[in-house]
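What follows is a set of notes on a single structure, which appears directly below.
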Amino acid sequence: MSIHHSDIIADIAKVYEPEVYVELGLFEGETWSKVLPRAGKSVGVDVVDRNIKGGTIHIQTTDEFFKHFDETIDMAFIDADHCFESVLRDFKNVSKLLSPQGVIMLHDTDPESDKLFDKGYCGDAYKMVDWLQNNEEYNSVTIPVREAGLTIVTKKNNTRTHGRAVK
C-alpha cells in the first residue's frame, strides 16, 4: 500500500484548518482540491494555466508572486520548480510569512529511484532535507510517501525550555 502525499496534506489541513493556505505548483490540482474545503483562503501559484477551479490562482512564477504577496501563511505546500535553489528560495519566501504555528510541506524530498532525479520529476529538491537538518530554526520530518517523499516543516518554538529544568 502506498500513501499519496495529497492525502497526508489534506489530513494536516483538516487538523490545522488554515486561515491562509498557499500552494506553489498546482500540477493537476489533486492536492489543491483536497485542501480547498479545509482552508479559509487558498492561494495557488503555477506557471501553467491548467484551468483549476476554486480559491485564487496566480499564473506566474513564484518569484513574481512573492514580490506582491505579504499575507501571513498558516499552511503551505511547495511543489513548483524541483531544483534545490528554487525550492530553497520558495521555502525562505514562505518562511518569512509563516505564522508562528504554521506548517510547510515540501514534495519530492525522498525519491525512491534514480529515474526520479530527473528535473521533470524530483530534480535535486531532496537536498532540502540536509539543509533543514543543518538549520536550527526548523523542525522537520521526511516521510517516504509514494515515489517522491514529503517533508513536513515547522519553525522551532522559541518558548520551549530546550532541556532546562522547569521550576
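The values are calculated or read from the model by the stated rules, or taken from the named source; none is laboratory data. On a predicted model such as this, the values are computed, not experimentally measured, just so you know. Don't worry about glycine lacking a Cβ; one is built from the backbone with ideal geometry, like all the others, and counts go over all protein chains shown. Just the protein is used for accessible areas: all its heavy atoms, side chains included, with ligands, DNA and RNA removed. Shrake-Rupley method; radii C 1.70, N 1.55, O 1.52, S 1.80 Å.
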Helix-derived mean residue ellipticity, 222 nm - over the chain, DSSP H n ≥ 4, -39500 (n - 2.57), to 500: -8000 deg cm²/dmol
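So what's the net charge close to ASP46: Lys and Arg +1, Asp and Glu -1, counting the other residues with Cβ under 11 Å from its Cβ? Mind dumping the intermediate values first?
On the way: positive: ARG50; negative: GLU23, GLU28, ASP49, ASP79, ASP81.
Net charge in that neighbourhood comes out at -4.
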Charge context of PRO18, other residues only, Cβ under 14 angstrom, K/R +1, D/E -1: -2
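List the pairs from LYS14/LYS53; LYS41/LYS156; LYS34/LYS67; LYS67/LYS92; LYS41/LYS67; LYS53/LYS127 whose alpha-carbon separation is above 23 Å, in the order I gave them. Provide the component values of the computation, followed by the final result.
Working: LYS14/LYS53 20 Å; LYS41/LYS156 25 Å; LYS34/LYS67 27 Å; LYS67/LYS92 13 Å; LYS41/LYS67 19 Å; LYS53/LYS127 32 Å.
As for pairs spanning more than 23 Å Cα to Cα, those are LYS41/LYS156; LYS34/LYS67; LYS53/LYS127.
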To check you understand DSSP bridge types, tell me what percent of the beta bridges within the chain (both residues inside) are antiparallel, rounded to 5. 35 percent
Which percent of the accessible heavy-atom area of region 1-65 goes to carbon and sulfur, probe 1.4 angstrom? 50 percent
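Evaluate the charge dipole of region 34-74 about its Cα centre and quote only its size in Debye, nearest 20, assuming +1 on the Cβ of each Lys and Arg and -1 on the Cβ of each Asp and Glu. Working shown, then result.
On the way: 6 positive and 7 negative charges, 66 e Å.
Here region 34-74 has a charge dipole of around 320 debye.
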What percent does the relative contact order of the chain come to when contacts are Cα pairs within less than 8 Å and at least six residues apart? 19 percent
Over the chain, average the accessible area per residue using a 1.4 Å probe and give it in Å², no decimals. 56 Å²
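Let me spell out the model: positive unit charges on the Cβ of Lys and Arg, negative unit charges on the Cβ of Asp and Glu, origin at the Cα centre of the chain. What dipole size does that give, in debye rounded to 20?
Working: 19 positive and 28 negative charges, 163 e Å.
Once rounded to the nearest 20, the dipole reads 780 debye.
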So, over other residues within a Cβ distance under 11 Å of VAL35, counting Lys, Arg +1 and Asp, Glu -1, the net charge is -2
